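Peer 1: Okay, handing you the structure first.
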Amino acid sequence: MTSPPPLAPSAAPHTAETVAVVGAGSIGIAWAVVFASAGVRVRMHETDVRVRDCALDEVASMLTDLSDAGLLSEAVVRVMTRVTISTTLEEAVDGADFVQECVIEDIEVKRDLFAQLDRLTERRVVLASSTSTIIASLFAEDLPGRERCLVVHPANPPYFLRVAEVVPAPFTSPDAIAKATELLTRVDITPIVLHREIEGFAFNRLQGAVLREAYRLVRDGVISPVDVDTLVREGLGLRWSVIGPFTTSELNTRGGLRRHAEVIGPVYARIGVERGSDNPWTTETIENVASHIEQRLPHATWEENVHERDRAMIRLASLLRHFDNPLAAPASVATSPM
Ligand SMILES: NC(=O)c1ccc[n+]([C@@H]2O[C@H](COP(=O)([O-])OP(=O)(O)OC[C@H]3O[C@@H](n4cnc5c(N)ncnc54)[C@H](O)[C@@H]3O)[C@@H](O)[C@H]2O)c1
């Protein structure tokens, strides 16, 4: 293992200077890129020798792509001096302030690994799992050091989708949450802290809602799979890259989100019942959402807010004008039932 150069002392106390990344699959590589390119030392560990042998090259290759696109502030070789990979877990976590677990989505594997991490690291070290769906209570509850365990679920890949869910268990300490959000903020990832554990967290529940309906629409012969992708890619996805669904409701309807809920709410409620989910939006929830949206986008300036959205969309359209998307299939023109 090569020794990384010393880093400048951090201004804040308790900031993680060294992160152990356990598992060097797609998410482990991506976290290594995020942390190292933001000045944090990364010590990786991977059990599969073939994956381990390629890991550093993969990190360097992704850093090179980012550098070629002008997205890296240092030379790739300089960033790579901060990344090492170890054959043993002990070596990887030695001296680490924070562990980001990125092994396969298997509860037993995670349970076993967290037990090892709890034994091998000091209590000040935060143990975070990248898991997409499994709550920390299911793999850390019985550990003596469970108060420093939580989920930090990245969007994939985190060097482009710069947001991560922080999901504490009931036993996670405020200190561990603070350390996780501090580290994420420092490496330019926006932390979204969930108020309580829930399977699938919020990201995959939102994604799951879209996928559930997409599969049903295809199953029922309403639309082709290609056209589902096109509708989201060219429509909802493009809009959601500028404003989220609640802000969309606020700005798409004269009268704002409350009016939107009045007009469209019953339609969505009927579709919900048709889909076996009788869960209409309550007045209380609509009020809660509207008041939060209005703190950022006062209803009194609705016209200006709409113009602001349009200006943002126009800037995005201008950036995308010359983007020839190799993955975009043209929409299908149905001439016969699918
Ligand atoms: N792929 C995604 O879109 C995505 C997004 C967010 C979060 N996640 C989560 O991130 C985690 C990793 O996902 P991935 O897509 O990188 O999986 P992956 O299968 O690509 O990589 C997992 C790696 O972990 C290694 N591994 C298994 N057990 C290990 C151990 N005990 N110690 C060290 N290494 C070990 C495997 O050899 C493999 O290389 C999962 O929990 C997943 O749910 C995935």
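Peer 1: Within the range 217-230, can one find any residue that is under 19 Å from the mean Cα position of the chain (by Cα) and free of Cβ contacts under 8 Å to residues at least 60 places away in the same chain?
Peer 2: Applying the first criterion (under 19 Å from the mean Cα position of the chain (by Cα)) to the range 217-230 yields none.
No, the range 217-230 contains no residue that is under 19 Å from the mean Cα position of the chain (by Cα) and free of Cβ contacts under 8 Å to residues at least 60 places away in the same chain.
Peer 1: Within the range 87-129, track down each residue that is within 11 Å of the ligand (Cβ to nearest atom) and free of Cβ contacts under 8 Å to residues at least 12 places away in the same chain.
Peer 2: Across the range 87-129, the qualifying residues are D106, E108, V109, D112.
Peer 1: All but one of (1) at pLDDT below 95; (2) surrounded by 13 or more Cβ atoms within 10 Å (Cβ to Cβ) hold for S241; which doesn't?
Peer 2: (2)
The values are calculated or read from the model by the stated rules, or taken from the named source; none is laboratory data. These figures come from a predicted structure and were not determined experimentally. So basically every Cβ, Gly included, is an ideal-geometry build from the backbone, and we count neighbours across all protein chains shown.
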